[in-house]
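J.: Input: one structure, supplied below.
Just so it is clear, none of the values below were taken in a lab; they were calculated from the coordinates. As the structure is a computational prediction, the values presented were derived from the model and not from experiment. So basically every Cβ, Gly included, is an ideal-geometry build from the backbone, and we count neighbours across all protein chains shown.
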Amino acid sequence: MNTEPISNLHRVLSRGHFAVTAECGPPRGANGEAVREKGALLKGVVDAVNVTDNQTAIVRMSSISACKHLMDLGLEPVMQMVTRDRNRIALQSDILGAYSLGIKNILCLSGDHQRFGSHPEALNVFDIDSMNLLSTVRTMREQGKDLSGHALDGAPKMFIGAAANPFADPFEYRVIRLAKKIDAGADFIQTQCIYNLDRFKAWMDMAAGEGLTEKVHILAGVTPLKSAPMARYMAQNVAGMDIPEPLLRRMAGVPKKKAAQEGIAICLETLQALREIPGVHGVHIMAIEWENQVKTIVERAGLLPRP
């Protein structure tokens, strides 16, 4: 990849700063103001904002249009793109369209299966998977050609990201899969939200042992817990989630009115620990419908102002 920074997020990471990204879920409708309200809470607080792509397989405003709303506010988006709903023709078309609007970061995902969403009867596509999508974006960026070999009239020079879950089984395969994503074209990685620090450190040690932390920027995911029931639900029902029992007991052991404060305290402790792990280049804060707390977290973590 060209050493000249492609985006603000790329600039922050390439210059050795500890990056901070957040997340914005588009509304289940055409209300652009809903996106702008979330964006206003994040402006000046983070380096870039992920915009989800019909997350949990529920129909929402498109990621591309929500990205444009954030850009109009002066925020830099990371456009998430899933392979569930589009074939390779539509994926490449949307990549070109997004870049033409000024979207410079992309996160390549497979997407939640439609049976978990609001249209379980819908047909999925999965013409290519997330690994192939990474390779597709890199080919378009570096060769200036689409997958058919046709020369593009303007290549999408995008900063390419992928997701990683250090907590799924088999654990030993997690680093092998990370290596494959890097080989496919990932410039940065955003991880599943981290509560089990010991297991995450073990994953990072394995990645470092393979030289992977020198090849990619790893942004560690954190999600502040709002309540003990939320923590227990995530632990029991969210695939690939690893919340240790002592942490669940800690959340359950505080009065209900103070649970949110405790969740933020845990998030800050986790963030501080993550900053001390070699190879962690930033943090991705997934404050699900709790965007008004992102500034508090970033500020209390000593990560403001942003570079």
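J.: Can you list residues from other chains, or at least 5 along the same chain, whose modelled amide H is less than 5 Å from the amide H of residue 105?
T.: Correct list: 79, 159.
J.: Let me ask another. Using 24 Å as the Cα-Cα cut-off, could you pick out the over-long pairs in 104/145; 181/226; 38/68; 38/256? Could you put the intermediate results ahead of the total?
T.: Working: 104/145 18 Å; 181/226 32 Å; 38/68 13 Å; 38/256 26 Å.
Where the Cα-Cα span goes over 24 Å, the pairs concerned are 181/226; 38/256.
J.: Separate question: What are the ³J(HN,Hα) couplings of segment 258-268, residue after residue, when phi is run through the Karplus curve with 6.51, -1.76, 1.60 and θ = phi - 60°? Round to Hz, x for glycine and proline.
T.: So the J values, rounded to whole Hz, are 9, 4, 4, 5, 5, x, 5, 4, 5, 4, 5.
J.: Report the net charge of residues surrounding residue 251, where surrounding means a beta-carbon distance below 12 angstrom and charges are Lys +1, Arg +1, Asp -1, Glu -1. All intermediate terms of the calculation are to be shown ahead of the outcome.
T.: Details: positive: 226, 232, 249, 250, 256, 258; negative: 245, 262.
Around residue 251, the charge tally is +4.
J.: In addition: Summing +1 for each Lys or Arg and -1 for each Asp or Glu, what net charge is found among the other residues whose Cβ lies under 14 Å from the Cβ of residue 117? The partial results should precede the final answer.
T.: Details: positive: 28, 60, 84, 115; negative: 53, 85, 112, 121.
Taking every other residue near residue 117 into account, the sum is 0.
J.: Next question, about the same structure. Between the helical axis of 88-100 and the dominant principal axis of the chain, each derived from Cα atoms, what acute angle in degrees is found, rounded to the nearest 10?
T.: For helix 88-100, the angle is close to 80 degrees.
J.: How long is the gain from residue 43 to residue 233 if the chain were fully straight, where each residue apart is worth 0.36 nm and the alpha carbon distance is subtracted?
T.: 65.3 nm
J.: Evaluate the charge dipole of segment 8-300 about its Cα centre and quote only its size in Debye, nearest 20, assuming +1 on the Cβ of each Lys and Arg and -1 on the Cβ of each Asp and Glu.
T.: Numbers: 34 positive and 32 negative charges, 105 e Å.
Dipole size: approximately 500 debye.
J.: Counting only other residues whose beta carbon sits under 13 Å from that of residue 55, what net charge do I get with K and R as +1, D and E as -1?
T.: Details: positive: 28, 60, 84; negative: 23, 53, 85, 112, 289.
Here the charged neighbours net out to -2.
J.: Write down the percent of antiparallel bridges among all DSSP beta bridges whose residues are both part of the chain, to the nearest 5. Could you put the intermediate results ahead of the total?
T.: On the way: 1 of 34 bridges.
Around 5 percent of the beta bridges assigned by DSSP in the chain are antiparallel ones.
J.: Separate question: In segment 8-300, if the dipole is taken from +1 on Lys/Arg beta carbons and -1 on Asp/Glu beta carbons about the Cα centre, which of 279, 83, 122 is farthest to the positive end?
T.: Toward the positive end, the furthest listed residue is 279.
J.: Hey, another quick one. Amide H to amide H, which residues 5 or more places from residue 112 or on other chains are under 5 Å from it, using H placed in the peptide plane?
T.: So residue 112 has HN proximity to 56, 57.
J.: Non-local amide H neighbours of residue 118 (under 5 Å, H modeled in plane, Pro and chain starts lacking H): which ones?
T.: Hits under the 5 Å cutoff: 58, 59.
J.: Right, next: When the helix-only estimate is applied to the chain (DSSP H runs of n ≥ 4, each -39,500 (n - 2.57), divided by the residue count), what is the mean residue ellipticity at 222 nm, nearest 500 deg cm²/dmol?
T.: On the way: 11 runs with 124 residues, N = 307.
Roughly -12500 deg cm²/dmol at 222 nm, from the helical runs in the chain.
J.: Continuing with this model, one more query. In whole Hz, what ³J(HN,Hα) sequence does segment 62-75 give by Karplus (6.51, -1.76, 1.60; θ = phi - 60°), x for Gly and Pro?
T.: Rounded to whole hertz, the list is 4, 4, 4, 5, 5, 4, 5, 4, 5, 4, 5, 8, x, 9.
J.: Please turn the phi angles of segment 242-248 into ³J(HN,Hα) values with the Karplus equation 6.51 cos²θ - 1.76 cosθ + 1.60 (θ = phi - 60°), one per residue in order, whole Hz, x for glycine and proline.
T.: Once θ is set to phi - 60°, the couplings for segment 242-248 become 10, 10, x, 4, x, 5, 4 Hz.
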